Amino acid sequence: MPQLGPTVHPTGRTVLAVAAVVGAGVTWIALSIAESLAWPLPTVPALAAVVVGVLALVTGLAARWTHRAVQVRRDPIEPSRAVGLLLAGKAALIGGTGLAAGYAAMALRYLPNLDAALPRERVLVAAVVSVLSIALAVAGWALERACQVPPDEDSDDAPRSDPKGAPSPG
């Protein structure tokens with residue numbers, strides 16, 4: 001019986017580009033509407049940086065653990081856990097990309113007003129959260145890649161090598 005190929009593919013650049021455009025676009029439009037209606041503009045709480053940083057750290061640790069288990073030791077992982085890790089990686093990658101773009105748009109929006117204290121605080125905190133969101137996206141990318149099952153050493157997909165470790169022809 002032929003073995004089925006992977007049904008879940010790595011997150012593509014198009015998905016990440018859409019997440020970035022949506023994140024930046026929604027933020028820019030929301031801030032523009034708030035300014036035009038003379039609504040009070042939001043501040044970015046420092047807690048946002050802590051939350052995104054903790055998420056990035058946890059996702060990075062999960063990526064490291066999964067890489068060691070799947071790629072290095074080749075331990076079997078329960079299917080439901082593997083799917084959960086994969087979904088967490090994809091969510092962190094896409095969400096981190098959208099958040100990074102949104103917070104970067106907020107920082108850029110207030111960049112011309114650095115002479116006042118509140119816009120300066122908005123730019124600083126938004127920039128920090130944007131950088132931490134990039135870290136979250138990178139950790140999500142690493143987790144997603146760690147979930148890829150390496151080919152069996154006995155299968156035709158595995159590279160062949162001679163005893164010295166050099167690849168053998170064909």
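If R0 equals 25 Å, the separation of the Cβ atoms of Leu57 and Asp115 corresponds to a calculated FRET efficiency of about 0.10. Spacing of the modelled spin labels on Thr7 and Val149, each 7 Å from Cα toward Cβ, amounts to 1.2 nm.
Judged by the ratio a/c of the largest to the smallest principal axis of the C-alpha gyration tensor, the chain counts as prolate, that ratio being 1.5 or greater while a/b is larger than b/c. Pull out a ≥ b ≥ c, the square roots of the eigenvalues of the alpha-carbon gyration tensor of the stretch 1-86, then state rounded if a/c is under 1.5, prolate if not and a/b is larger than b/c, and oblate in the remaining case. Judged from the Cα gyration tensor, the stretch 1-86 comes out oblate (a/c at least 1.5, b/c at or above a/b). Across the stretch 13-146, the mean sequence separation of Cα contacts (distance under 8 Å, 6 or more residues apart), normalised by length, yields a relative contact order of 42 percent.
Dividing the helix sum by the residues of the chain, where each DSSP H run of 4 or more adds -39500 (n - 2.57), gives a mean residue ellipticity at 222 nm of -22500 deg cm²/dmol.
Each value in this text was obtained by applying a stated rule to the coordinates, not by laboratory testing. None of the values given here were measured: they were computed from a predicted structure. In this analysis, Cβ positions are derived from the backbone assuming ideal geometry, glycine residues included, and neighbour counts consider all displayed protein chains.
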